[in-house]
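A.B. asks: Got a structure for you, questions after.
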Amino acid sequence: MEYLPVLVLIISFIGLLAIGVPVAWSIATSSLLTMMVSISMVPALTTISQRIATGLDSFALLAIPFFILSGQLMNKGGIAYRLIDFAKTLVGALPGGLALINIIAAMLMGAIAGSAMASASAMGSILGPEMEKEGYSREFGAAVNITSSTTGLIIPPSNVLIIYSLASGGVSIAALFLAGYIPGILTGLFLMVVAYLWAKRKNYKVGKRSSIKAVIKTFIRAFPSLMLLVVVMGGIVVGVFTATEASAVAVLYTLLLGFWYKEIKIKDLPQIFLDSCGTTAIVMLLIGASMSMSWVMSYENIPQDISSLLLGISNNPIIILLIINLLLLFVGIFMDMTPAVLIFTPIFLPIITKLGMDPVQFGIMMVLNLCVGLCTPPVGSVLFVGVGVANTTIEKVVKPLLPLFLTMIVSLLLVTYVAELTLWLPRVFGL
């Protein structure tokens, strides 16, 4: 193993991040510097530029801007209020009812909008003040909101799973989408158990029990929003359209829904499109830069060297998977999810393939692992959104956040070592 390229890559990347260079530019620059170890500057610069461009040349990536736009339309379309009202009638009368409502609504909103930050912002701004009014601590409300918002990244449709499919060399997006349901719901249920026990211990106020009539009424109001999941996933699984085509269908559906709810007007569309373009540009720049780094690492044989190193430590799959999880947890603390998936999938996928793990299972394990990183400083984007919306500090949120963290870790270990949690549903549909 040649250590110079690895050292240049790691030191330059960490150094650039430390002085405040944006993540995408840090990735691209460190990739260029690593390439210059082997070849001169001009060919290195040309190669990295080409790899950034060709990294975006994928039909599957067209789904991302469409799902981002559908998420923006959902945020403006009054969807969150209807989902919260429906969740209230289901669990509002239980101890910690408002926290449970937050978790259920975040799971639904995250899955529909496809964005953890959008879910954290919507749920926090709507439910945060209401929880505080009912006697819940601001920090507990923020902790619940932060952790539950990440479940939508596992429950489809999920942009991150599309990116993993690209990075893995073509793992079925439909299989990944189906595989995400049970782990996502399981994580949400675990979070609900912790929130229930915490609220019972703190004697938080319990809401009134809803009548069957109220449940049916709120379900009918939320039904058109919930149908998006059926339309998108049903179309993909049955084979009516691909994931990319499904994303365009999602845009049309959410646009019509926003007009029907009278929450979106024609004059709102230019700003919605502009916000979507801004988010898409950031994501695509990250993807292009990450693909260039992934190629550079492959060129320098770094994945093969790491694979040999890990398999040299032990041939026990339990130990190797534990090491990979610990490495990904560490990576997730410092790196955003999109580049982490693109950079580390080519490194770890050959290892888990040798261990006999299905790439679909590994994809869900990786995304769930990196979801924990979204809730941790210093690059925890969902953590900062949740804390900002709740108007509190990270230091105060840490205590109620810890048991929820541990719950996510338990869910991660189950997904890692119990293959049927992820593979059963895709097998049922023949994927």
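A.B. asks: Can you grab the distance from the C-alpha centre of segment 57-71 to the C-alpha centre of segment 121-185, Å, no decimals?
C.D. replies: Here the answer is 18 Å between Cα centres.
A.B. asks: Let me see the P(r) profile for segment 313-355: every Cα-Cα distance counted, bins of 5 Å, each bin given as a percent of all pairs.
C.D. replies: Over segment 313-355, the share of Cα pairs per 5 Å bin runs 5, 22, 30, 24, 14, 6, 0 percent.
A.B. asks: Take peptides 102-108, 253-259, 402-408 and line them up by average Cβ neighbours within 10 Å, highest first, as a rough protection proxy.
C.D. replies: By packing density, highest mean first, the sequence is 102-108, 253-259, 402-408.
A.B. asks: For the pairs 88/202; 217/262; 76/396, flag any whose C-alpha to C-alpha distance is greater than 25 Å.
C.D. replies: The pairs that break the limit, which is 25 Å between Cα atoms, are 76/396.
A.B. asks: Determine the equivalent ellipsoid of segment 237-304 by diagonalising the alpha-carbon gyration tensor, then write out the semi-axes as square roots of 5 times the eigenvalues, largest first, rounded to whole Å. Before the final figure, lay out each step's value.
C.D. replies: Working: eigenvalues 264, 70, 8 Å².
The answer is 36, 19, 6 Å, longest axis first.
A.B. asks: Compute for segment 1-55: radius of gyration divided by Kirkwood radius, i.e. Rg/Rh, restricted to C-alpha atoms, rounded to two decimals. If you can, show how the numbers build up before the last one.
C.D. replies: On the way: Rg = 11.2 Å, Rh = 11.5 Å.
Rg divided by Rh gives 0.98.
A.B. asks: Local charge sum around residue 124 (other residues, Cβ-Cβ under 13 Å, Lys/Arg +1, Asp/Glu -1)?
C.D. replies: -2
A.B. asks: Add +1 for every Lys or Arg and -1 for every Asp or Glu among the other residues with Cβ under 15 Å from the Cβ of residue 65, and state the total.
C.D. replies: Around residue 65, the charge tally is -3.
A.B. asks: Follow-up. Taking other Cβ within 10 Å of each residue's Cβ, how do 300, 263, 395 sort, fewest first? Walk me through the numbers before you get to the answer.
C.D. replies: Numbers: 300 21, 263 17, 395 9.
In increasing order of surrounding Cβ atoms, one gets 395, 263, 300.
A.B. asks: Okay, next question. Would you mind ranking 277, 375 so that the residue whose beta carbon has the fewest other beta carbons within 10 Å leads the list?
C.D. replies: Numbers: 277 14, 375 26.
Taking fewest neighbouring Cβ atoms as first place, the list is 277, 375.
A.B. asks: Using a Förster distance of 22 angstrom, determine the FRET efficiency expected from the C-beta separation of residue 53 and residue 21, and round it to 0.05. Working shown, then result.
C.D. replies: Values: r = 21 Å, r/R0 = 0.96.
Computed FRET efficiency for residue 53 and residue 21: 0.55.
A.B. asks: So, one more: Spin-label point model (7 Å from Cα, Cβ direction): what's the residue 273 to residue 322 distance in nm?
C.D. replies: 5.5 nm
A.B. asks: Related question: Tell me the mean residue ellipticity at 222 nm calculated for the chain from its helices only (DSSP H runs of n ≥ 4, each -39500 (n - 2.57), averaged over every residue, nearest 500). Could you put the intermediate results ahead of the total?
C.D. replies: On the way: 20 runs with 343 residues, N = 431.
After summing the helix terms and dividing by residue count, I get -26500 deg cm²/dmol.
A.B. asks: What is the packing order of peptides 335-343, 265-273, 191-199, 54-62, taking the mean over residues of other C-beta atoms within 10 Å and listing the highest first?
C.D. replies: Numbers: 335-343: 24.0, 265-273: 11.4, 191-199: 21.1, 54-62: 15.0.
Ranked by mean Cβ neighbours within 10 Å, highest first: 335-343, 191-199, 54-62, 265-273.
A.B. asks: Taking the Cα centre as origin and putting +1 on Lys and Arg beta-carbons and -1 on Asp and Glu beta-carbons, what dipole magnitude results for segment 56-428, to the nearest 20 debye?
C.D. replies: With only Lys, Arg, Asp and Glu charged at Cβ, the dipole is about 1580 debye.
A.B. asks: Only helices at least 27 Å long along their own axis, judged from Cα atoms, and with Kyte-Doolittle mean hydropathy of 0.0 or greater: name those in the chain from DSSP H.
C.D. replies: Answer set is 173-202, 212-238, 269-299, 394-417.
A.B. asks: Right, next: Fewest to most neighbouring Cβ within 10 Å: what's the order for 319, 306, 101?
C.D. replies: In order of increasing Cβ crowding within 10 Å: 319, 306, 101.
A.B. asks: Net charge near residue 35: determine it from the other residues with C-beta under 11 Å of the C-beta of residue 35, scoring Lys and Arg +1 and Asp and Glu -1.
C.D. replies: Net charge around residue 35: 0.
A.B. asks: Let me check against my output: what whole-number percent is the relative contact order of segment 56-428, with C-alpha pairs under 8 Å and at least 6 apart? Walk me through the numbers on the way to the answer.
C.D. replies: Values: 586 pairs, mean separation 101.9, N = 373.
The value is 27 percent.
A.B. asks: Based solely on C-alpha atoms, express the radius of gyration and the Dmax of segment 372-429 in angstrom.
C.D. replies: Cα-based Rg and Dmax for segment 372-429 come out at 15.5, 45 Å.
Throughout, read-outs are computed from the coordinates displayed, never taken from laboratory work. All of these numbers come straight from a predicted model, not from anything done at the bench. Cβ: placed from backbone, ideal geometry, glycine included. Neighbour counts: every protein chain shown.
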